[in-house]
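Just below is one structure, and these are the notes that go with it.
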Amino acid sequence: MIYFLLVLLLSVSLAVFNPAISLILGIVFTVLNKNSVIVLPSILGSRFLKMGIVLLGGTISYSSFTSISANYFPLISLYVFLVMIIGFFLGYCMKINKKHLLLLIAGTAICGGTAMAALAPIIESKKEDLASSIAIIFLLNLIAIIVFPFVGSALDLTQQQFGVFAALTIHDTASVVGAASMYGESSLEVATILKLGRTLWIVPLVIFSSWYFSRKESGTSIPYFILLFILFILLGSVVSFSDSAIFYLKTSSKICLLMGLFFIGTGISLKSLKEVSLRPISFAICLWLIVIGMTSLLYFL
């Protein structure tokens, strides 16, 4: 029975295709797996996450960079750096644990759950930190999808203005697409292009973090999966994968990331989650409100 439950919950997590849901279902399995009837290797989640990162590299090529409007990329880059600087300063003032802080900043500045899932095995963050970070971002995204289209209409934002606003203030790509599509087709197009620009910053984030943490903890070597990640980026630039190939790579990458989060969830207990401090939640909300305010200034300058 418990084996059937494992397959069922894992299947549901892949069908729903949402990082937060996959993590939650993994925790649900742990609760139902009384007396540890099934013992899953703790390294399983990390390996799937790393595999997902490698496959993600194949979807990021030089053509992805050139497809982004030159008018917007400087804005996106400035946004990412400002959010990181403000995040580190705010996190220092609020005394947030360094690795937990990195996860929340990466999720806010770049690409929500994907950025955090990619960063977690590199910095070797605690499972509880990753779980709480993804849960926080998930709830903020849910609020954004429901509230932002109404706010945009109330403020009489144009399609382009709302597309920019959604792309810069909402964490996950799926949530950006969801909110923008509710506002209009033109808004969706602008938001998708800008969000791609934010997502591309996952490349320097992963490479720099890998170098920095490996240098501090075990010399100057870079983990093998980062080398494969870079190799896949170069391969995608040289070979120029077809749209269908990129679609399958993206899907495979997402599946690996979801499975990784599910198995990480199986190693988390409800007791350990209850011990998570309220500071990271307060930090994530404060940083998000600052980002919203900062982005809103674009329409008044």
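The values are calculated or read from the model by the stated rules, or taken from the named source; none is laboratory data. Computed from a predicted structure; not experimentally measured. For neighbour counting, all protein chains shown are included, and Cβ atoms are generated from backbone atoms with ideal geometry for every residue, glycine included.
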Scan the stretch 166-189 residue by residue and report those that are crowded, with 24+ Cβ neighbours inside 10 Å, of a type outside the set (Ser, Thr, Tyr) and more than 18 Å from the chain's Cα centre (by Cα). ALA180
Take the residues in the stretch 261-279 that are closer than 22 Å to LEU101 by Cβ and of a type in the set (S, T, N, Q), then tell me which one is modelled with the lowest pLDDT. SER272
Are any residues in the stretch 1-43 assigned to a helix (DSSP H, G or I) and of a type in the set (Val, Ile, Thr), and if so, which ones? ILE2, VAL7, VAL12, VAL16, ILE21, ILE24, ILE27, VAL28, THR30, VAL31
Taking the condition of being of a type in the set (Val, Ile, Thr) and surrounded by 21 or more Cβ atoms within 10 Å (Cβ to Cβ), how many residues in the stretch 117-144 meet it? 4
Quick check on my filter: what residues within the stretch 169-227 are at pLDDT 85 or above and among the aromatic types (Phe, Trp, Tyr)? TYR183, TRP201, PHE208
Over the stretch 1-50, the set of residues hydroxyl-bearing (Ser, Thr, Tyr) and in contact (Cβ under 8 Å) with a residue 40 or more places away in the chain is SER13, SER22, THR30, SER42, SER46
Reported set for the stretch 1-45 where residues are within 18 Å of SER269 (Cα to Cα), modelled with pLDDT of 85 or more and of a type outside the set (A, V, I, L, M, F, W, C) is SER22, GLY26, THR30, ASN33, GLY45
